[in-house]
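So the structure is just underneath, and the comments pick up after that.
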Amino acid sequence: MKATPCFITLAVLRKMALVLVFLLFSTHPAWARLSVDADILGQVLQEAHALFADDTEGANADYIPELARVPSELFGLALVTVDGQVFIAGDADYDFTIQSVSKPFTAALVLQEHDDPEILVEKVGVEPTGLPFNSVLAVELHASRSVNPLVNAGAMAAVSLVPAESDMERFSKIKQFHEAMAGQELSVIEEVYRSEAATNQGNRAIAHLLKKYGRIYADPEEALDVYTRQCAIGVTARVLAMMGATLANGGVNPISKEQVLEARHVPKVLALMLTAGFYDESGRWAYDVGLPAKTGVGGGIVAVVPGKLAVAAFSPRLNQAGNSVRAMRAIEYVSQRLGLGLFQ
Ligand code: GLN
């Protein structure tokens, strides 16, 4: 009779300990924030790589001559979780130019520097164009002219909104912001910069057209040059996934823990990515995948799953809209396998 209370207490204690251990594990960020088992993430990435390894649809961008020289068969995937776990497959460490994947990050910098979400609404625009990324027609058709920061017109307008005394300062602010997002130093791939700078008459025309309409806020030649340099920043699939994971993690880099972007600006950037990240294919991407993402003609794409992770892919062959065919397919596969789509 005397021993019973003691046994009950021990049994209760054991149960409590088990519950405690369970609670500890289930609330650890890796488990609490991911609805999927972390082990499966690397496996799904390998599956996606194997599944599309022989996919040769599309062609390298060649309107920037240097991009035509990038080996077309390169194919890399990377996934980074908000608690800093990194998974890769294939050529995830090959250095390629960020191109338009830089656009949401510069838009983020503008929001942060002006400390005002209305700055992009008033000075650039936030509506999708339904037209190609380099459309001059879009500037003529839309009242906001520059239309949104993820097409070339709006991206140059966004560059011109980064407060700076000189083009050097403007570019270094943009580069530093990209580096903080990535949590590492980045360098410009000079050959691609020179190649685009020698052939970007279309973007020059757009920059001057914006000047005519009073919708570019620095010297158009300066904005054009800084924009061209920004597009030539070298990244890898691993780096893009880390930059995306910083957005997924409320603006905090998962490794450096730096609050790079104020959390309140993150939803604005992701909204732009969802509605305009794939230019005139943005609706189709949202319909099929349902994730904010951004593509670039260098062959990179990064998709963000808020609060969970980011997945990036690199493959140089593009479709007619300028989006990497294999990168799109691989990310769509990963998203479906893991049930990542926001509207599911
Ligand atoms: N630098 C490229 C351009 O301005 C970026 C385009 C893109 O990646 N879609 O044409």
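The values are calculated or read from the model by the stated rules, or taken from the named source; none is laboratory data. Because the structure is predicted, anything quoted here is derived from the model rather than measured. Here the Cβ is made from the backbone with ideal geometry for all residues, glycine too, and neighbour counts use every protein chain on show. Heavy atoms of the whole protein, side chains included, go into the accessibility calculation; ligands, DNA and RNA do not. Shrake-Rupley method; radii C 1.70, N 1.55, O 1.52, S 1.80 Å.
Classify the stretch 60-126 as rounded, prolate or oblate, taking a ≥ b ≥ c as the square roots of the eigenvalues of its Cα gyration tensor: rounded when a/c is under 1.5, otherwise prolate if a/b is larger than b/c and oblate if not. The shape class here is oblate. Hydrophobic, long helices, defined as DSSP H runs whose alpha-carbon span along the helix axis is 30 Å or greater and whose mean Kyte-Doolittle value is at least 1.0, occur in the chain at 3-27.
Listed by chain and number, the lysines placed with their C-alpha closer than 16 angstrom to that of Lys268 are Lys103, Lys123, Lys294; residues fewer than eight positions away on the same chain are left out.
Computed over protein heavy atoms with a 1.4 Å probe, the accessible surface of the stretch 212-264 works out to 32 Å² per residue. Panel note: the C-alpha atoms of the stretch 152-273, placed on their principal axes, show extents of 42, 32, 26 Å (largest first). Using Cα pairs closer than 8 Å and at least 6 residues apart in sequence, work out the relative contact order for the chain, in percent. Reported as a whole number, the value is 24 percent.
Rg/Rh, computed from the Cα trace of the chain with Rh as the Kirkwood radius, has the value 1.08.
Taking all protein chains together and rolling a 1.4 Å probe, His265 ends up with roughly 0 Å² accessible.
Counting only protein heavy atoms and a probe of 1.4 Å, the accessible surface of the chain is 57% carbon and sulfur.
Within the chain, the longest segment free of exposed loop sites, counting trypsin sites (Lys or Arg not before Pro) that fall outside DSSP classes H, G, I, E and B and have at most 15 other Cβ atoms within 10 Å, spans 3-256.
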